[in-house]
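Trainee: Have a look at the structure that comes next, please.
The values are calculated or read from the model by the stated rules, or taken from the named source; none is laboratory data. Computed from a prediction, not measured in an experiment: that's the story for all the values here. Positions of Cβ are generated from backbone atoms using ideal geometry, with glycine treated the same way; all protein chains shown enter the neighbour counts.
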Amino acid sequence: MGKKQIIISLGLFVLLILVVTICWYKWLRGCSTDSRRVFDAITLYGFAVTIYAFVITIWQLTITGDIVKKTRNKIEHILSVSDVSTIKGYVRFIEECVRNGKYELANIRICDTKDFLAKIPTIQNINYDEKSLKKIKARVEDNMNALNRQIYDRFPLNTMTFIADMEELASFLDIILNQLKSIDYE
C-alpha cells in the first residue's frame, strides 16, 4: 500500500472507532450495570474492527482487479507486437520461398499470414484503414490460390505481382507494428 492509502485507511479506522464510541456512550447512559458495559464495549469495538477489515478487504480487491486488468493489457500488447513481428518475418520468408521455387513452404506460411490478418481487428489501440485491410486480405487469398495452382501445375505464378503484394502487406504490418510499439501502458 502507498502512503496515501495508509493515511486514508487509518483515517477511516479512527472515524469508525469515534462513531462507535459516541454511539456506545449515548446508548449506555440508560444501562445500570457496569459489567454489562464492558462486554458491550468489547462487542462494539470488535464490530468496528470487523467493519474496518471488511472495507479494507474490498478496497484491496478493487485495487488488485485494476492491477490485473492493466497487466492483462500489457501482456496482450506484448503478444500483439510479437505476433505482428512474426508475421512480418513470415512475409519475408514467403517472398524468399517464391523466389527459390519452394511453393509448398510459402503456402504454409501464407495460410498463417491469412489467419493473422483476420485477428487484426481485435488488436486494441491501433488505427488502420479497413478498406486497405480488406484489400490486403483479398490479395493474400488470391495469392494463396495462385500458389495452390502453381503447386498443382495448373497455372504459372506471376512472381512479380506476388512479391509486390507481399511488399504491400509488409508495409501494412510495419504501420501496425509502429503503432503498437508507440503505445505506452505505464
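Trainee: Looking only at region 89-125, which residues are among the β-branched types (Val, Ile, Thr) and not in a helix (DSSP H, G or I)?
Mentor: ILE123
Trainee: Next question, about the same structure. Just to be sure before I move on: is GLN179 in a helix (DSSP H, G or I), crowded, with 18+ Cβ neighbours inside 10 Å and not aliphatic (A, V, I, L, M) in the structure I sent?
Mentor: Judged against the criteria, GLN179 is not a match.
Trainee: Sticking with this one: What about ILE123, is it within 26 Å of the chain's Cα centre (by Cα) and more than 17 Å from LEU173 (Cβ to Cβ)?
Mentor: The answer is no for ILE123.
Trainee: Pull up region 62-85, narrow it to residues that are hydroxyl-bearing (Ser, Thr, Tyr) and surrounded by 13 or more Cβ atoms within 10 Å (Cβ to Cβ), then point me to the one that is farthest from PRO121 (Cα to Cα).
Mentor: It comes out as SER85.
Trainee: Further, regarding this structure: Taking the condition out of contact with any strand residue (DSSP E or B) (no Cβ under 9 Å at 6 or more places or on another chain) and either assigned by TED's automatic domain parsing to the domain that holds SER9 or over 21 Å from ASN178 (Cβ atoms) (or both), does LEU147 pass?
Mentor: Details: out of contact with any strand residue (DSSP E or B) (no Cβ under 9 Å at 6 or more places or on another chain): yes; either assigned by TED's automatic domain parsing to the domain that holds SER9 or over 21 Å from ASN178 (Cβ atoms) (or both): yes.
When the stated conditions are applied, LEU147 passes them.
Trainee: Here's a follow-up. Mind listing whichever residues of region 140-174 are among the small types (Gly, Ala, Ser) and either exposed (fewer than 14 other Cβ atoms within 10 Å of the Cβ) or without any contact (Cβ under 8 Å) to a residue 60 or more places away in the chain (or both)? Talk me through it step by step, then tell me what you get.
Mentor: Of all residues in region 140-174, those among the small types (Gly, Ala, Ser) come to 146, 164, 170-171.
Of everything in region 140-174, those that are among the small types (Gly, Ala, Ser) and either exposed (fewer than 14 other Cβ atoms within 10 Å of the Cβ) or without any contact (Cβ under 8 Å) to a residue 60 or more places away in the chain (or both) turn out to be ALA146, ALA164, SER171.
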